[in-house]
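What follows is a set of notes on a single structure, which appears directly below.
The values are calculated or read from the model by the stated rules, or taken from the named source; none is laboratory data. Keep in mind it's a predicted model, so treat the numbers as computed, not measured. Here Cβ is always computed from backbone atoms with ideal geometry, including for glycine, and neighbour counts include all displayed protein chains.
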Amino acid sequence: MQNENAYQVKRKLGNGSFGCVYLVCDVKSNQEFACKIVSKSMLGKYQAEGMVRQEIQIQSSINHRNVVKVFNSFEDTKNIYIILEYCKQGQLQLPSQPYTNKQLIQFLNQMLSALDSIHQMSLVHRDIKLDNILVHEDGTYKISDFGWATQLSQIKPILCGTTEYMPPEVVNNQSHDHKVDSWSLGIVLYILTHCRKPFIAKTDRELIKQISEKEIDIDTSLDENLQILIQALLTKDPSYRPNIQQLYFSKWIKFQMKQHNIFNRYEHEKLKNKFRNQKIEIKSVDNRAIQLRKKKQILQDCSLSHSLSTQLSNCDMNESGIIDRQKFEKL
């Protein structure tokens, strides 16, 4: 690699769609980075050069502690080189046992903060998954790989991301928005609580059918409000699915943040005022009946969600299915 900065290649970290990722060391500073080397010939073959250049532009524009930082990029006749923040603990892995509440809220707090920032920039990631969440040496979670990211205004109804994490509207080539990231985050949350993916199939066709039609099987031994949170995120109709900001008002997240002394940015009174006069639409989510034990009573035929912001917050809705922001203030 020839550039104004000299990097020494130390070892290979992994493979990507159009190239490889290496651990490199800046010769002058002795600082370690991850270097993504993208083959121009492969980009030409799949007409993807514009996609990679957009990835660099988008990821470079985001300055957030939970997003992998782009430090530099350059190219020669054969490759494009992207110098990235190195996360020593690598990709988030399929857990061998379910995350504890403390682990879950620490993870969700960081992911919500990053995605909220990304969405406020009118960007959508569109490929949130275990492989694209890296763990820094200090344990911080960081979102990586913005290859499918785009401006909200530029979204077209196409297949994008990784099938196991795609929501129904994407696998069916329908229009979509930032709520694709809510769904994908829900898939990750399901994996961290169940140690498996919610949809497993031998073929893509069967997988797409499951994503479109199959209701998820949630472990009923989980906290009831955590079950509702997972179900809300994995609501098939995106108009019923909560956005990232609404998740801050979920009953489970509010409680866990208080339990673990985590600042809830949207529960803060000054920031609440921003939403005081907004109305949130409440709609029911069809789901198979579940049985929940609570206070030694069996709650049968109970729909897991009415929407995140109603059932989780115990708010009443009017006949039109609209709940006023002020009702949240009483919680």
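Of the residues that sit in the stretch 59-77 and are without any contact (Cβ under 8 Å) to a residue 60 or more places away in the chain and surrounded by fewer than 20 Cβ atoms within 10 Å (Cβ to Cβ), which one is nearest to residue 110 (Cα to Cα)?
64
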Flag if residue 156 is in contact with a Pro (Cβ under 6 Å, 6 or more places away or on another chain) and either crowded, with 20+ Cβ neighbours inside 10 Å or assigned by TED's automatic domain parsing to the domain that holds residue 108 (or both)
no
Candidates 46, 99, 81, 86 - the one that is at pLDDT below 95 and either of a type outside the set (A, V, I, L, M, F, W, C) or within 16 Å of the chain's Cα centre (by Cα) (or both)
46
Go through the residues of the stretch 195-207 one by one and say whether even a single one is within 20 Å of residue 118 (Cβ to Cβ) and assigned to a helix (DSSP H, G or I).
no
Are there any pairs, at least 6 apart or on different chains, whose C-beta atoms fall under 8 Å, with the first in the stretch 254-267 and at pLDDT below 95 and the second among the small types (Gly, Ala, Ser) and part of a loop (DSSP other than H, G, I, E, B), and if so, which?
none
With 37, 56, 82 as the choices, which residue is β-branched (Val, Ile, Thr), touching a Lys or Arg at 6+ places or on another chain (Cβ under 6 Å) and farther than 25 Å from residue 107 by Cα?
82
State the number of residues belonging to the stretch 177-195 that are touching a strand residue (DSSP E or B) at 6+ places or on another chain (Cβ under 8 Å) and surrounded by fewer than 24 Cβ atoms within 10 Å (Cβ to Cβ).
3
In the stretch 133-166, which residues are touching a residue at least 60 places away in the same chain (Cβ under 8 Å), closer than 18 Å to residue 111 by Cβ and not in a loop (DSSP other than H, G, I, E, B)?
134, 141, 142, 143
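Among the residues of the stretch 130-153, how many are surrounded by 18 or more Cβ atoms within 10 Å (Cβ to Cβ) and of a type outside the set (D, E, K, R)?
Here is the first cut: in the stretch 130-153, the residues surrounded by 18 or more Cβ atoms within 10 Å (Cβ to Cβ) are 130, 132-134, 141-150.
From what's left, of a type outside the set (D, E, K, R): 130, 132-134, 141, 143-144, 146-150.
Count: 12.
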For the stretch 72-93, name all the residues that are out of contact with any helix residue (DSSP H, G or I) (no Cβ under 9 Å at 6 or more places or on another chain), within 18 Å of residue 133 (Cα to Cα) and not β-branched (Val, Ile, Thr).
85, 86, 87, 88, 89, 90
